[in-house]
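Enquirer: To start, I am sharing the structure in question, which I have written as structure tokens.
The values are calculated or read from the model by the stated rules, or taken from the named source; none is laboratory data. Note that the structure is a prediction, hence the values are computed from the model and not measured. Glycine also receives a Cβ, built like all others from the backbone with ideal geometry; neighbour counts cover every protein chain displayed. Remember, those area values only see protein heavy atoms, side chains included, never the ligands or the DNA or RNA. Shrake-Rupley method; radii C 1.70, N 1.55, O 1.52, S 1.80 Å.
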Amino acid sequence: MKDFPEHKLLAKDLVTPIEYLESPEPGVSNGYYVEAFNAIGKTIAVFIVEEDALEPLTEHDVFSKRTLETA
């Protein structure tokens with residue numbers, strides 16, 4: 001639900017949750033380790049995101065294609 005320019009990822013790009021990270025402090029967001037893949041399954045990045053930056057897929061979602069631009 002947000003861009004991650006340091007990983008060249010845009011809001012709505014798909015990531016796979018790997019591990020749930022419960023915050024040890026009240027008022028601090030929980031998070032996830034996530035992994036982003038390209039279309040052929042190569043890992044693009046593994047990083048931590050806050051729980052509210054993720055949105056689950058629904059039956060109404062469809063996949064689309066975009067090119068990961070290289071700098």
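Enquirer: How do the pairs read when you match residues in region 1-15 that are of a type in the set (D, E, K, R) with residues anywhere that are open to solvent by 90 Å² or more (accessible area, probe 1.4 Å), using Cβ under 7 Å and keeping only pairs 6 or more apart or on different chains?
Expert: Sorted first by the residue in region 1-15, then by its partner, the pairs are Lys8/Glu69.
Enquirer: Working only within region 16-26, note down all residues that are without any contact (Cβ under 8 Å) to a residue 12 or more places away in the chain and open to solvent by less than 90 Å² (accessible area, probe 1.4 Å).
Expert: Ser23
The rows are residues; the columns are (1) modelled with pLDDT of 95 or more; (2) in a loop (DSSP other than H, G, I, E, B); (3) open to solvent by 80 Å² or more (accessible area, probe 1.4 Å); (4) touching a Gly at 6+ places or on another chain (Cβ under 7 Å).
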| site | (1), (2), (3), (4) |
| --- | --- |
| Leu14 | no, yes, yes, no |
| Ser29 | no, yes, no, no |
| Val34 | yes, no, no, no |
| Ala39 | no, yes, yes, no |
| Val49 | yes, no, no, yes |
| Pro56 | no, yes, yes, no |
